[in-house]
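Asker: Here it is: the structure, laid out below.
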Amino acid sequence: MNADELKVILDTHKIWLTTDATEGYANLSGADLRYANLSDANLRYANLRGANLSYANLSGANLSYANLRGANLSYANLSGANLSGANLSGANLNGADGHYALFYGGKHSAWATCSHIGISCKMLTHAEWRKQYAAIGTANNYTEAEIERYRQWIFSLDWLIEVGKVTNE
């Protein structure tokens, strides 16, 4: 995808976000966006599932509630990006720069942004995970030791919640 095509998609998506338009939603699923400059782009609710965003500049981008499932974000610049509510399940964040956390506790990989945590295919807010981790773990046949490892990780993310408070003020 060239820069002109991407600009049209971003401009159309901006109109979709700010009006009652029924068309114009940014569907960049599977797109090759390696090295793309998307700094400060508004990609809220965009579909970037499986997109290749390696080495992309996403600094300051609004990726809130974007579908980034399975996206390649390796070495992307995510500094200052809003990832609240974004689905990062299966995303490759190797070497990416920004505010997020990754974890592997023995059964499934997990990720966290300032607002949400995803473990396996389940995405909830930090508060929801803190209340429900044991029940969810038990329902998914996690061992007591696995549940405890995930609990420790979930409760260690206060720093990330605080980053979100500062970013959203």
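No lab work stands behind these numbers, since they all come straight from the coordinates. Quick caveat, the model's predicted, so the values are computed rather than measured. Quick reminder, even Gly has a Cβ in these numbers, built from the backbone with ideal geometry, and neighbours come from all protein chains shown.
Asker: What distance in nm lies between label points placed 7 Å from Cα along the C-beta direction at Tyr104 and Ala135?
Answerer: 3.1
Asker: Still on this structure, I have one more. Mean separation of Cα pairs under 8 Å and 6+ residues apart, divided by the residue count of region 1-51: what relative contact order is that in percent?
Answerer: Averaging sequence separation for qualifying contacts and normalising by length gives 37 percent for region 1-51.
Asker: Pick out which of Trp153, Trp111, Trp129 has the largest mean-square fluctuation in a Gaussian network model of the chain, springs linking Cα atoms closer than 10 Å.
Answerer: For the chain, modelled as a Gaussian network with Cα springs under 10 Å, the answer is Trp153.
Asker: Once the Cα atoms of helix 144-155 and of the chain are each reduced to a long axis, what angle between those two axes, in degrees from 0 to 90 to the nearest 10, is obtained?
Answerer: With both axes taken from Cα atoms, the answer is about 50 degrees.
Asker: Which value, in Å³ per residue, describes the convex hull spanned by the Cα atoms of region 90-146?
Answerer: Cα convex hull per residue, to the nearest whole number: 82 Å³.
Asker: Name the residue, out of Arg69, Arg44, Arg151, whose mean-square fluctuation peaks in a Gaussian network model built on the chain with Cα pairs under 10 Å.
Answerer: Among Arg69, Arg44, Arg151, the largest mean-square fluctuation in the Gaussian network model of the chain belongs to Arg151.
Asker: Do you know the relative contact order of region 1-152, to the nearest whole percent, from alpha carbon pairs under 8 angstrom that are 6+ apart?
Answerer: Computed over region 1-152, the figure is 13 percent.
Asker: A further question follows. Based on DSSP, what percent of beta bridges with both residues in region 45-121 are antiparallel, to the nearest 5?
Answerer: Given both bridge residues lie in region 45-121, the antiparallel proportion sits at roughly 50 percent.
Asker: Now, a different point. Full-extension gain between Phe155 and Asp4, please, as 0.36 nm times their residue separation minus the C-alpha to C-alpha distance.
Answerer: Full extension of this stretch gives 49.9 nm more.
Asker: While we're on this one: Which FRET efficiency, nearest 0.05, do Thr143 and Asp40 yield, Cβ-Cβ r, R0 41 Å?
Answerer: 0.40
Asker: Further question on the same structure: How far, in degrees from 0 to 90, does helix 158-167 lean away from the longest principal axis of the Cα atoms of the chain, to the nearest 10?
Answerer: 30
Asker: What is the angle, in °, between the Cα long axis of helix 3-18 and the longest principal axis of the Cα atoms in the chain? Nearest 10 is fine, range 0 to 90.
Answerer: 70
Asker: Among the DSSP beta bridges whose two residues both lie in the chain, what percent are antiparallel, rounded to the nearest 5?
Answerer: Given both bridge residues lie in the chain, the antiparallel proportion sits at roughly 50 percent.
Asker: For a quick check, take a GNM of the chain with Cα springs below 10 Å and name the residue from Glu148, Glu23, Glu128 with the largest mean-square fluctuation.
Answerer: With Cα springs under 10 Å in the chain, the top fluctuation among Glu148, Glu23, Glu128 is at Glu23.
Asker: Just one of (1) 37, 34, 29; (2) 57, 35, 28; (3) 53, 29, 28 is Cα extents along the principal axes in Å as worked out from the coordinates here. Which one is it?
Answerer: (3)
Asker: Could you please state, rounded to a whole Å, how far the C-alpha centre of region 80-159 is from the C-alpha centre of region 11-79?
Answerer: Result: 22 Å between the Cα centres.
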